[in-house]
1. Which residue out of A68, A112, A76 is under 23 Å from Q32 (Cα atoms), modelled with pLDDT under 95 and either of a type in the set (A, V, I, L, M) or touching a strand residue (DSSP E or B) at 6+ places or on another chain (Cβ under 6 Å) (or both)?
2. Return the residues of segment 1-44 that are surrounded by 13 or more Cβ atoms within 10 Å (Cβ to Cβ), within 22 Å of N110 (Cβ to Cβ) and charged (D, E, K, R); say none if nothing qualifies.
3. Hey, any hits in segment 78-87 for a residue that's surrounded by 11 or more Cβ atoms within 10 Å (Cβ to Cβ), without any contact (Cβ under 8 Å) to a residue 60 or more places away in the chain, of a type in the set (S, T, Y) and in contact with a helix residue (DSSP H, G or I) (Cβ under 7 Å, 6 or more places away or on another chain)?
4. Would you please name the residue that is nearest to R19 (Cα to Cα), looking only at residues in segment 45-58 that are in contact with a strand residue (DSSP E or B) (Cβ under 7 Å, 6 or more places away or on another chain) and modelled with pLDDT of 95 or more?
5. Between E61, E101, E105, which is modelled with pLDDT of 95 or more and either touching a helix residue (DSSP H, G or I) at 6+ places or on another chain (Cβ under 9 Å) or surrounded by 16 or more Cβ atoms within 10 Å (Cβ to Cβ) (or both)?
6. Any idea which residue in segment 45-58 is surrounded by the fewest Cβ atoms within 10 Å (Cβ to Cβ), counting only those that are among the hydrophobic types (A, V, I, L, M, F, W, C) and touching a Lys or Arg at 6+ places or on another chain (Cβ under 7 Å)?
Amino acid sequence: MNESKLSINARNLRKRQTRAEERLWRNLRARQLGSAKFRRQVPIGNYIVDFISFEKKIVIELDGGQHAATTTRDAARDSWLKGRGYSVLRFWDNDVFRNMEGILEVIRKNVASIPSP
């Protein structure tokens, strides 16, 4: 996929956030977690990641039920990102509704463990 197509797809994904993405975004935006800046639905390489902090090199992915069938593709994507120095945090959509504070705590610990550039 070329960059312009990825950018168009990312823009469309930002307009059509899932409920889980919307809820997590409310907690990530505006440097609310350890002053880390997160962006949503961002093209990187041949992928579009759900959330990313470039300064902390953290990617957050929310997985719905469809991801149970795409574990090989997700593993390849995670490997590519890790090869470029990113930490990848994956959470299930339903955990956003059941355990938001637990998710935020994991993200906070990861943000805190990486010094700002």
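1. A112
2. E21, R23, R29, K37, R39, R40, listed by residue number.
3. Yes, there is a match, as at least one residue in segment 78-87 is surrounded by 11 or more Cβ atoms within 10 Å (Cβ to Cβ), without any contact (Cβ under 8 Å) to a residue 60 or more places away in the chain, of a type in the set (S, T, Y) and in contact with a helix residue (DSSP H, G or I) (Cβ under 7 Å, 6 or more places away or on another chain).
4. Going through the qualifying residues, I end up with D50.
5. When all the criteria are applied, what remains is E61.
6. It comes out as F51.
The values are calculated or read from the model by the stated rules, or taken from the named source; none is laboratory data. Owing to the predicted nature of the structure, the values given are computational and were not obtained by experimental measurement. When we count neighbours, we look across all protein chains shown, and the Cβ atoms used for this are built from the backbone with ideal geometry, even at glycine.
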